[in-house]
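The structure appears right after this line, and notes come after that.
The values are calculated or read from the model by the stated rules, or taken from the named source; none is laboratory data. This one's a predicted model, so the numbers in the text were calculated from it and none came from an experiment. Every residue, glycine among them, receives a Cβ derived from its backbone with ideal geometry; neighbour counts consider all protein chains shown. Ligands, DNA and RNA are excluded from the accessible area calculation, which covers all protein heavy atoms including side chains. Shrake-Rupley method; radii C 1.70, N 1.55, O 1.52, S 1.80 Å.
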Amino acid sequence: MPILIREKYWILETAQTAYAFGVTPRGRLVHSYWGARLPFPEDYPIPHDTDGWASFNGPGHALPEEYPAYAGPNYGEPCLKATFADGVRDTVLQFVDTEITTGELPEVRVTLRDVAYPLAVVLCYRVHAQHDLIERWVELTNTGTTPVTLERVWSALWRLPWGEEYRLSHVFGRWFEEWQLRREVLQPGVKVKESRRITTSHNASPWFAIDRGNADEDQGAVWFGVLAWGGNWKLAAEVTESGATRLGIGLNDWDFAWRLMPGETFTTPASLAGYTANGFGAASRTLHDYAREHLPHGQRLHPVLYNSWEAVFFDVNEASQMAVAELAAGMGVELFVMDDGWFHRRDLDNAGLGDWWPDARKFPNGIKPLIERVNALGMDFGLWLEPEMVNPDSDLYRAHPDWVIHFPTRARTEMRNQLILNLGRTDVQDYLIALLDKLLTEHNITFIKWDMNRNVSEPGWPDAPGDARELWVRYVQGVYRVWGTLARRHPQVLWQSCSGGGGRVDYGMLRLVDQFWVSDNTEATARLGIQEGFSQIMPAITMESQVTHMGQPLMSLPFRFHVSMMGVLGISDDLLKWSEVDLATGAEMIALYKEIRPIVQLGDQYRLLSAQGQDFTAMQYVSKDRTEGVLFAFRVHIPEPARIPPIYLRGLKPNAHYAIDGFDGVRSGAAWMHTGLHLELKNGESTVRRIRAVS
Ligand code: GLA
């Protein structure tokens, strides 16, 4: 039974962890525990009151409130800030009651209400006991007759055990260089990570891992979590002067407002978080397991794909694609994806976006003949779309110049010659649903790469139905509606989220998509670090990775394949230019990948030797039953004489016996994990070794 209840005190227990909060004798809802699961209910600390300290630190400031609203002498980062119709700008929340649902995913809903104004705030908790995760979100209802303006409404405040020093791990980056990991000791004050770009962004990710400065991949207490939201978000890790460390996460309040009308409810995105005593590796694997189990298409293996972009850019046409398809099928590719360039008047990036029908010059008979040919070759067919965009040079923009996000009196800044359709508008949503539904109904398409190639500017919404600053949220809700409707109507389609590479990767998108395009940077050595950063947050089954010519002739074809085989393997290169030898190598690599694919896509992932900042790196995957594994190792460039670190395998059964490709003898799992492997690789070499349990 994961939820133990005492009088106004809730303990949410998962397999290994617990999270506790309750109402103090003076009626305040406070947090009391987050960490390892304890043997007995009475082990958990009981919520208590505090009087604060001196005239400058009232109790509201010192209490570990579960969901602090801005009210009274409360100077920390609040979760909620609202303005009532008469101009009052503080919110005094009082506990009302709780509703508990048991079952496979138990839920606790704690209702709070402002003492005088018509605002009900329901804190929602869902316990993912087997995944060791707690999911939190908040529902706010206007129970009165006048509007309430929400100015900040976060999903959760996660509190760390009081009085210690912590380190925050986060990722940062930019286009072409996403997923760079940083760990930094949190100092008094607030460390903010956020997106103001209307997407999740390449620059930061709504993910955190917090430790006491002593965790590593294998051991140490780590508190970690994500926000499931693909728009503007904010994370604020705050160390207060009284020694509390807390992390608030939710919608970004920057330029945000939401007019909550009488009777309406606003629901925040969810934040998922967990605790482990087993280091950053276990934290990632916990997220990976959860993510995999919630993929729209379940845990089915993802196909090996070909993508036309790095091969020919916009220069696709029926004849050339048919010729390439033949070579791709011959190598063992399972899914043929035609990227940008296929639609009306799309020769470069300066025209066509918005006009989603085949270009008559490149595809005089539409794209059906190509799809039929691809299918006849035994492959599925996929297509690139960028539905949220228009080029000013498009039929759609000429017909509806007001459909884009803009301020009427300002210039409309173009980036990549494009503007953003306002998907907050229901007429725009309906138009896109109808157009794309037709495309998917009339063609045998089983994969869509949904791209988004710029960030917002001049975020205006003339004639907005509510406060124009609702754009930030209504836009994302619109994206979810369009995408979700299409996904429901076309369940055969596997969706990929791309935003110029990894600009929209998050647990909100994961409810719609099965995989991500992680970065436009496909140069194999850069990719090693990028992919490793991605693995902090997302599992390999979601990580599309393509072999291209980028960085040539430096890294060999097998090296490039090995890098891409650590996720969902793809090829994006002009196969018409590949030699017979290259095609044979490709076929061999794809065959090997298909053998190890269940381990890579569905197994446990271990970062053995980090790729970020190091030139010798190793990654391991182990099947869930621990009978099979695969080890990848890469040497980029280490000047001679080189000192190559040993590799200590992970995740094997200590007492089972295993054989490893290229190593003599059968040894116990414990022996392989503790004595270290030595791999003699030359500069630019890589290797893939299978690990097999032998009875
Ligand atoms: C973005 C994507 C690329 C490709 C191009 C097409 O940059 O990240 O993979 O699809 O758009 O224009």
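Consider segment 446-458 and keep the residues that are within 16 Å of the ligand (Cβ to nearest atom) and hydrophobic (A, V, I, L, M, F, W, C). The one that is surrounded by the fewest Cβ atoms within 10 Å (Cβ to Cβ) is MET452.
With respect to (1) within 16 Å of the ligand (Cβ to nearest atom); (2) in contact (Cβ under 8 Å) with a residue 60 or more places away in the chain; (3) not aliphatic (A, V, I, L, M), the lone exception for PRO462 is condition (1). A count restricted to segment 515-530 and to residues that are in contact with a helix residue (DSSP H, G or I) (Cβ under 7 Å, 6 or more places away or on another chain) and assigned to a loop (DSSP other than H, G, I, E, B) stands at 3.
Residues in segment 571-589 that are surrounded by 14 or more Cβ atoms within 10 Å (Cβ to Cβ) and under 20 Å from VAL312 (Cα atoms): 9 in all. Among residues of segment 317-342 that are farther than 17 Å from PHE447 by Cα, those with a beta-carbon under 6 Å from a residue that is open to solvent by less than 30 Å² (accessible area, probe 1.4 Å) and within 16 Å of the ligand (Cβ to nearest atom) at least six positions away or on a different chain give the pairs ASN317/LYS362. Search segment 513-525 for residues being open to solvent by 20 Å² or more (accessible area, probe 1.4 Å) and farther than 20 Å from LEU383 by Cα, and hand back the single one that is farthest from the ligand (Cβ to nearest atom). Residue satisfying both the conditions and the ranking: THR525. Inside segment 208-243, residues that are over 30 Å from GLU470 (Cα atoms) and of a type in the set (Phe, Trp, Tyr) make up a count of 1.
Could you check segment 571-596 and list, in sequence order, the residues that are within 16 Å of the ligand (Cβ to nearest atom) and under 18 Å from VAL518 (Cβ atoms)?
Selection gives ILE571, SER572, ASP573.
The condition of being in contact with a His (Cβ under 8 Å, 6 or more places away or on another chain) and within 16 Å of the ligand (Cβ to nearest atom) holds for only one of GLU293, GLU310, that being GLU310. Selection within segment 551-570: residues that are in contact with a helix residue (DSSP H, G or I) (Cβ under 7 Å, 6 or more places away or on another chain) and among the aliphatic types (A, V, I, L, M). The member of this set that is farthest from PHE314 (Cα to Cα) is MET566.
In this structure, is VAL190 among the β-branched types (Val, Ile, Thr) and in contact with a helix residue (DSSP H, G or I) (Cβ under 7 Å, 6 or more places away or on another chain)? When the stated conditions are applied, VAL190 does not pass them.
Annotation: of all residues in segment 63-100 being outside any loop (DSSP other than H, G, I, E, B) and acidic (Asp, Glu), the one that is least open to solvent (accessible area, probe 1.4 Å) is GLU65. Taken over segment 228-249, the criterion of being surrounded by 18 or more Cβ atoms within 10 Å (Cβ to Cβ) and either within 18 Å of LEU181 (Cβ to Cβ) or more than 21 Å from the chain's Cα centre (by Cα) (or both) is satisfied by LEU235, ALA237, GLU238, VAL239, THR240, ALA244, THR245, ARG246, LEU247. Can you confirm whether ASP427 is open to solvent by less than 40 Å² (accessible area, probe 1.4 Å), closer than 22 Å to TYR475 by Cα and of a type in the set (D, E, K, R)? Considered against the rule, which asks whether it is open to solvent by less than 40 Å² (accessible area, probe 1.4 Å), closer than 22 Å to TYR475 by Cα and of a type in the set (D, E, K, R), ASP427 comes out as no. Whether a residue is among the small types (Gly, Ala, Ser) and without any contact (Cβ under 8 Å) to a residue 24 or more places away in the chain was assessed, and GLY76 does not pass this test. A single entry from ALA399, ALA360, ALA319 fulfils the requirement of being among the aliphatic types (A, V, I, L, M), away from the ligand (no atom under 16 Å from the Cβ) and closer than 28 Å to TRP472 by Cβ: ALA399. Count of segment 317-354 residues, restricted to those that are within 29 Å of the chain's Cα centre (by Cα) and assigned to a loop (DSSP other than H, G, I, E, B), is 9. Which residues, counting only those in segment 473-504, are under 29 Å from PHE172 (Cβ atoms), part of a helix (DSSP H, G or I) and open to solvent by less than 10 Å² (accessible area, probe 1.4 Å)? If the condition is that a residue be under 29 Å from PHE172 (Cβ atoms), part of a helix (DSSP H, G or I) and open to solvent by less than 10 Å² (accessible area, probe 1.4 Å), then VAL473, TYR475, VAL476, GLY478, VAL479, TRP483 are the ones that fit. Sub-6 Å Cβ pairs linking a first residue in segment 506-532 that is within 25 Å of ILE249 (Cβ to Cβ) and touching a residue at least 60 places away in the same chain (Cβ under 8 Å) to a second residue that is crowded, with 24+ Cβ neighbours inside 10 Å and of a type in the set (Phe, Trp, Tyr), at least 6 apart or interchain, are GLY508/TRP229; LEU512/TRP483; VAL518/PHE534; ILE530/TRP179, ordered by first then second residue.
Restricting attention to segment 369-391, the residues that are away from the ligand (no atom under 16 Å from the Cβ) and out of contact with any helix residue (DSSP H, G or I) (no Cβ under 8 Å at 6 or more places or on another chain) total 4. If you take the residues in segment 530-570 that are more than 23 Å from the chain's Cα centre (by Cα) and open to solvent by less than 10 Å² (accessible area, probe 1.4 Å), which one is nearest to the ligand (Cβ to nearest atom)? By that ranking, first place goes to THR548. Checking each residue in segment 426-456 for being in a loop (DSSP other than H, G, I, E, B) and in contact with an Asp or Glu (Cβ under 9 Å, 6 or more places away or on another chain) picks out ASN444, ILE445, THR446, ASP451, MET452, ASN453, ARG454.
Exactly one residue among GLY298, GLY281 is more than 16 Å from the ligand (Cβ to nearest atom), closer than 30 Å to LEU649 by Cα and in contact (Cβ under 8 Å) with a residue 40 or more places away in the chain, and that residue is GLY281.
Going by the conditions given, is LEU510 in contact with a Pro (Cβ under 6 Å, 6 or more places away or on another chain), in a helix (DSSP H, G or I) and more than 14 Å from the ligand (Cβ to nearest atom)? So LEU510 fails the test.
Of THR286, THR267, which residue is open to solvent by 10 Å² or more (accessible area, probe 1.4 Å) and farther than 19 Å from PHE534 by Cα?
On the way: THR286 fails: farther than 19 Å from PHE534 by Cα.
Unique residue meeting the criteria: THR267.
Of the strands (runs of 3 or more DSSP E) lying entirely inside segment 608-695, those carrying at least 1 residues that are open to solvent by 60 Å² or more (accessible area, probe 1.4 Å) are 628-635, 657-660, 686-694.
One residue stands out in segment 27-62 among those that are in contact with a helix residue (DSSP H, G or I) (Cβ under 9 Å, 6 or more places away or on another chain) and part of a loop (DSSP other than H, G, I, E, B): the one that is surrounded by the fewest Cβ atoms within 10 Å (Cβ to Cβ), namely ASP51.
Residues are listed down the side, and each one gets a yes or a no for (1) in contact with an Asp or Glu (Cβ under 9 Å, 6 or more places away or on another chain); (2) more than 18 Å from TRP357 (Cα to Cα); (3) touching a residue at least 12 places away in the same chain (Cβ under 8 Å):
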| site | (1), (2), (3) |
| --- | --- |
| PRO392 | yes, no, yes |
| PRO401 | no, yes, no |
| ARG410 | yes, yes, yes |
| THR413 | yes, yes, yes |
| ASN422 | yes, yes, yes |
